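Read through the structure below, which is laid out as structure tokens, and then see the notes.
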Amino acid sequence: MKKNVWIDTDLSVGMKRYHREGYSDVDDGYAILQLIYADTVKIHGISAVFGNTKIDDAYRLCNKMATEFAPYEIPVYKGAGDKIKLEKVETNDAVEALAEALKKEVLSIMAIGPATNIGILLLLYPELKSQIKEVVLVAGRRTPTSYFKIGKPESRHAPDLNFDLDNDAFRIMFEHGVKVVLCPFEISNKVWLTAKDLETLKNGRPANEWLSEESQPWLQQWLVGGETGFNPFDVLASHYLIAPEDLIIEELNAHLEIHPNDMLLDTPEHNFKQYLICDKTEGFPVTYCYDVVADYHQKLMDSLLK
């Protein structure tokens with residue numbers, strides 16, 4: 001039987017950043033493509049969320065991938081354009097569509113942007129939490145000083161963006177007791193795609209050609225930063241849904257803690273932020289993915305070249 005999956009994503013392939021120079025992440029595209037190609041997965045819907053780009057861009061790109069590259073019809077819905085406002089929780093098309101889908105089917109949710117749509121769903125439809133098999137996300141770390149470092153020789157810190165953009169959405173998932181699977185930087189920074197991989201990806205299929213081409217500016221940013229390739233962060237979440245045995249996992253407990261902001265450590269201001277910490281102390285249970293099997297890179301490429 002195929003695994004029933006819903007995708008929630010801040011898809012931004014090919015987008016220029018709005019608030020600073022450069023291009024946005026492309027890894028959501030790899031995760032979606034991997035699930036589209038997977039024989040063992042049926043995608044019941046794709047919902048857009050803000051994050052790596054604005055909601056209208058994410059929604060447009062989700063429609064593009066669903067209509068141009070999927071071998072079967074996948075409905076697409078526009079979701080939250082900003083984080084949850086607890087004083088005035090508002091629904092959206094994506095939340096309502098996901099609620100209707102969950103009434104009919106138990107679903108695994110791959111939420112590879114801020115978890116805002118999932119948080120809103122649980123607040124408005126708490127009775128549907130038992131219909132969620134698991135939510136697979138890209139977030140978390142073991143300690144407050146487990147910094148996400150990118151670039152050489154002077155590594156810059158990267159944010160735990162999906163968590164940073166909506167802390168409350170994660171807290172809501174934990175407090176509602178849904179199964180949470182985390183694919184954090186700890187695992188994704190062990191996986192690399194290079195210029196050679198992007199050339200190999202070009203196999204004549206329209207989706208592969210598009211993704212390879214649109215990934216070039218993103219790769220170039222990493223090369224300028226001193227790396228030899230880029231980490232396809234979100235593809236670890238999709239890979240977990242397809243073949244969890246390819247990821248090495250640990251059962252940990254998650255909790256939210258406040259510590260100095262790791263993105264502003266060199267500034268004189270006393271700036272703090274929330275962290276999603278996963279360890280053996282008391283907290284909310286999570287499945288924490290922290291490494292990959294030895295031949296993972298080949299398995300990843302094979303899944304994208306099907």
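The values are calculated or read from the model by the stated rules, or taken from the named source; none is laboratory data. These numbers were taken from a predicted model, which means no experiment stands behind them. Neighbour counts are summed over all protein chains in view; Cβ atoms, including those assigned to glycine, are modelled from backbone coordinates with ideal geometry. The area values use the complete protein model at the heavy-atom level, side chains included, leaving out ligands, DNA and RNA. Shrake-Rupley method; radii C 1.70, N 1.55, O 1.52, S 1.80 Å.
Just wondering, is there one or more residues in segment 184-207 that are under 13 Å from residue 254 (Cβ atoms), surrounded by 17 or more Cβ atoms within 10 Å (Cβ to Cβ) and modelled with pLDDT of 95 or more? Before the answer, list the steps.
Taking segment 184-207 and keeping what is under 13 Å from residue 254 (Cβ atoms), we get 184.
If we keep only those that are surrounded by 17 or more Cβ atoms within 10 Å (Cβ to Cβ) as well, we get 184.
Adding the requirement that they be modelled with pLDDT of 95 or more leaves 184.
The answer is yes, given that some residue of segment 184-207 is under 13 Å from residue 254 (Cβ atoms), surrounded by 17 or more Cβ atoms within 10 Å (Cβ to Cβ) and modelled with pLDDT of 95 or more.
With the structure loaded, tell me whether residue 141 is more than 25 Å from residue 81 (Cα to Cα) and within 17 Å of the chain's Cα centre (by Cα) or whether it fails that test.
Numbers: more than 25 Å from residue 81 (Cα to Cα): yes; within 17 Å of the chain's Cα centre (by Cα): yes.
Taking the combined requirement at face value, the residue satisfies it.
Being under 22 Å from residue 62 (Cα atoms) and either aliphatic (A, V, I, L, M) or touching a Cys at 6+ places or on another chain (Cβ under 8 Å) (or both) is true for just one of 98, 86, 128, 124. Which residue is that? First the steps, then the outcome.
Numbers: 86 fails: under 22 Å from residue 62 (Cα atoms); 128 fails: under 22 Å from residue 62 (Cα atoms); 124 fails: under 22 Å from residue 62 (Cα atoms).
Going through 98, 86, 128, 124 in turn, just one is under 22 Å from residue 62 (Cα atoms) and either aliphatic (A, V, I, L, M) or touching a Cys at 6+ places or on another chain (Cβ under 8 Å) (or both): 98.
Could you tell me whether any residue of segment 289-306 is in contact with a helix residue (DSSP H, G or I) (Cβ under 9 Å, 6 or more places away or on another chain), open to solvent by 40 Å² or more (accessible area, probe 1.4 Å) and at pLDDT below 95?
yes
Considering each of 162, 231 in turn, give the residue that is buried (at least 21 other Cβ atoms within 10 Å of the Cβ), touching a residue at least 60 places away in the same chain (Cβ under 8 Å) and in contact with a Pro (Cβ under 8 Å, 6 or more places away or on another chain). Even if it seems obvious, please write down each step before you answer.
On the way: 231 fails: in contact with a Pro (Cβ under 8 Å, 6 or more places away or on another chain).
Checking each option against the conditions leaves just 162.
Can you pull out every residue in segment 54-85 that is charged (D, E, K, R) and in contact with an Asp or Glu (Cβ under 7 Å, 6 or more places away or on another chain)? Break it down into steps so the answer makes sense when it comes.
Step one: filter segment 54-85 for residues charged (D, E, K, R), giving 54, 56-57, 60, 64, 68, 73, 78, 82-83, 85.
Of everything in segment 54-85, those that are charged (D, E, K, R) and in contact with an Asp or Glu (Cβ under 7 Å, 6 or more places away or on another chain) turn out to be 78, 83.
Could you list, in sequence order, all residues of segment 165-183 that are open to solvent by 10 Å² or more (accessible area, probe 1.4 Å) and touching a Pro at 6+ places or on another chain (Cβ under 6 Å)?
Answer for segment 165-183, where residues must be open to solvent by 10 Å² or more (accessible area, probe 1.4 Å) and touching a Pro at 6+ places or on another chain (Cβ under 6 Å): just 165.
Restricting to segment 44-85, and then to whatever is among the small types (Gly, Ala, Ser) and under 18 Å from residue 5 (Cα atoms), can you tell me which residue is surrounded by the fewest Cβ atoms within 10 Å (Cβ to Cβ)?
Going through segment 44-85, the residues among the small types (Gly, Ala, Ser) turn out to be 45, 47-48, 51, 58, 66, 70, 79-81.
Then keep just the ones that are under 18 Å from residue 5 (Cα atoms); that gives 45, 47-48, 66, 70, 79.
Working: 45: 21, 47: 30, 48: 32, 66: 20, 70: 18, 79: 31.
Residue satisfying both the conditions and the ranking: 70.
Mind checking which residues of segment 89-104 are part of a loop (DSSP other than H, G, I, E, B) and either of a type in the set (A, V, I, L, M, F, W, C) or surrounded by 13 or more Cβ atoms within 10 Å (Cβ to Cβ) (or both)? Even if it seems obvious, please write down each step before you answer.
Quick first cut of segment 89-104, residues part of a loop (DSSP other than H, G, I, E, B) only: 89-92.
Listed by number, the residues that qualify are 89, 91, 92.
Of these, 132, 109, 118, 150, which one is buried (at least 17 other Cβ atoms within 10 Å of the Cβ), of a type in the set (A, V, I, L, M) and touching a Lys or Arg at 6+ places or on another chain (Cβ under 7 Å)?
Numbers: 132 fails: touching a Lys or Arg at 6+ places or on another chain (Cβ under 7 Å); 109 fails: touching a Lys or Arg at 6+ places or on another chain (Cβ under 7 Å); 118 fails: touching a Lys or Arg at 6+ places or on another chain (Cβ under 7 Å).
Checking each option against the conditions leaves just 150.
Sort out which residues of segment 105-138 are in a loop (DSSP other than H, G, I, E, B) and closer than 25 Å to residue 13 by Cβ, and write them in order of number. Steps first, please.
Restricting attention to segment 105-138, the residues satisfying the condition of being in a loop (DSSP other than H, G, I, E, B) are 105-106, 112-115, 125, 138.
Matches in segment 105-138: 112, 113, 114, 115, 138.
Cβ-Cβ below 9 Å, separation at least six or inter-chain, first residue in segment 39-52 and on the phi > 0 side of the Ramachandran plot, second among the hydrophobic types (A, V, I, L, M, F, W, C) and open to solvent by 30 Å² or more (accessible area, probe 1.4 Å): which pairs?
Close Cβ pairs satisfying both conditions: 51/161; 51/165.
Looking at segment 1-43, which of the residues that are charged (D, E, K, R) and open to solvent by less than 10 Å² (accessible area, probe 1.4 Å) is farthest from residue 97 (Cα to Cα)?
Pass one, segment 1-43, residues charged (D, E, K, R): 2-3, 8, 10, 16-17, 20-21, 25, 27-28, 39, 42.
If we keep only those that are open to solvent by less than 10 Å² (accessible area, probe 1.4 Å) too, we end up with 8, 10, 27-28.
On the way: 8: 12, 10: 17, 27: 25, 28: 21 Å.
Looking at the filtered set, the residue picked out is 27.
Only one of (1) over 23 Å from the mean Cα position of the chain (by Cα); (2) surrounded by 16 or more Cβ atoms within 10 Å (Cβ to Cβ) fails for residue 226. Which number is that?
All conditions pass for residue 226, except number (2).
Scan segment 23-37 for residues that are under 21 Å from residue 1 (Cα atoms) and touching a Lys or Arg at 6+ places or on another chain (Cβ under 8 Å) and report the count.
Total meeting the criteria: 1.
In this structure, does residue 78 turn out to be over 26 Å from residue 230 (Cα atoms) and within 18 Å of the chain's Cα centre (by Cα)? Quick ask: steps written out before the conclusion?
On the way: over 26 Å from residue 230 (Cα atoms): yes; within 18 Å of the chain's Cα centre (by Cα): yes.
So residue 78 fits the description; yes.
Any chance segment 239-253 includes a residue that's more than 25 Å from residue 7 (Cα to Cα) and not hydrophobic (A, V, I, L, M, F, W, C)?
no
Please work out if residue 146 is over 24 Å from residue 301 (Cβ atoms), of a type in the set (Ser, Thr, Tyr) and at pLDDT below 95.
Working: over 24 Å from residue 301 (Cβ atoms): yes; of a type in the set (Ser, Thr, Tyr): yes; at pLDDT below 95: no.
Against the criterion (over 24 Å from residue 301 (Cβ atoms), of a type in the set (Ser, Thr, Tyr) and at pLDDT below 95), residue 146 does not qualify.
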